[in-house]
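**Q** Right, I'll just put the structure down here and ask away after.
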Amino acid sequence: MNGLRLRHAGLAVLGALLVLLVAVVANVVGIHLAGGIEGWQAWLTAHSNHFLAWRLLLYAVTAYGWIWMRRRVLAREPDAGTRRRLLRAELAAVVAVAALELSPYLQAG
């Protein structure tokens with residue numbers, strides 16, 4: 001069982017590094033295509049509404065998946081402890097998303 005956990009942790013780290021690498025490559029390519037950092041910043045600002053729509057779509061798909069998973073977990077483990085753990089995870093996710101989405105507005109403040 002311990003080896004399985006280590007394998008899952010390794011896959012999670014590998015996935016996170018892959019996402020980070022894709023983000024870095026996308027930014028480097030964007031900076032190159034936009035002719036520099038200033039052009040890239042201007043392009044990102046001009047398309048911020050598209051990115052907001054994309055994030056909202058991702059949040060909706062994630063929420064749908066969470067609700068699907070939550071029903072399955074509660075059907076398998078209907079005790080109060082499971083409900084509390086799921087509620088804590090849900091609250092933490094909402095706070096994290098709210099903090100991420102509101103931070104640019106609070107910094108500009």
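**Q** Taking a probe of 1.4 Å, how large is the accessible area per residue of the stretch 40-109, in Å²? Before the final figure, lay out each step's value.
**A** On the way: 5840 Å² over 70 residues.
Roughly 83 Å² per residue, with all protein chains present.
**Q** Next up: What's the local net charge at Trp68, with K and R +1, D and E -1, over the other residues with C-beta under 15 Å away?
**A** Values: positive: Arg70, Arg71, Arg72, Arg76; negative: Glu90.
Net of charged neighbours comes to +3.
**Q** Further, regarding this structure: Which of the following values of P(r) over Cα pairs in 5 Å bins from 0, in percent was calculated from the structure shown: (1) 2, 14, 28, 29, 21, 5, 0; (2) 2, 9, 10, 14, 19, 17, 11, 8, 6, 3, 1, 0; (3) 2, 10, 19, 20, 15, 12, 9, 6, 3, 2, 1, 0, 0?
**A** Matching entry in (1) 2, 14, 28, 29, 21, 5, 0; (2) 2, 9, 10, 14, 19, 17, 11, 8, 6, 3, 1, 0; (3) 2, 10, 19, 20, 15, 12, 9, 6, 3, 2, 1, 0, 0: (2).
**Q** Kindly express, to the nearest 10 degrees and within the range 0 to 90, the angle between helix 37-46's C-alpha long axis and the longest C-alpha principal axis of the chain.
**A** So the inclination is approximately 60 degrees.
**Q** Counting only protein heavy atoms and a 1.4 Å probe, tell me what percentage of the chain's accessible area is made up of carbon and sulfur.
**A** 72 percent
**Q** Set Lys and Arg Cβ to +1 and Asp and Glu Cβ to -1, take the dipole of the chain about its Cα centre, and tell me which of Met69, Val29, Ser103 lies farthest positive.
**A** Value: Met69.
**Q** If the only charges are +1 at each Lys and Arg Cβ and -1 at each Asp and Glu Cβ, what is the size of the charge dipole of the stretch 11-109 around the Cα centre, to the nearest 20 debye?
**A** Working: 9 positive and 5 negative charges, 126 e Å.
Roughly 600 debye, rounded to the nearest 20.
The values are calculated or read from the model by the stated rules, or taken from the named source; none is laboratory data. Just so it is clear, the model here is predicted, and its values are computed rather than measured. Every residue, glycine among them, receives a Cβ derived from its backbone with ideal geometry; neighbour counts consider all protein chains shown. The protein model used for the area step is the full one, side chains on, heavy atoms only, and it has no ligands, DNA or RNA in it. Shrake-Rupley method; radii C 1.70, N 1.55, O 1.52, S 1.80 Å.
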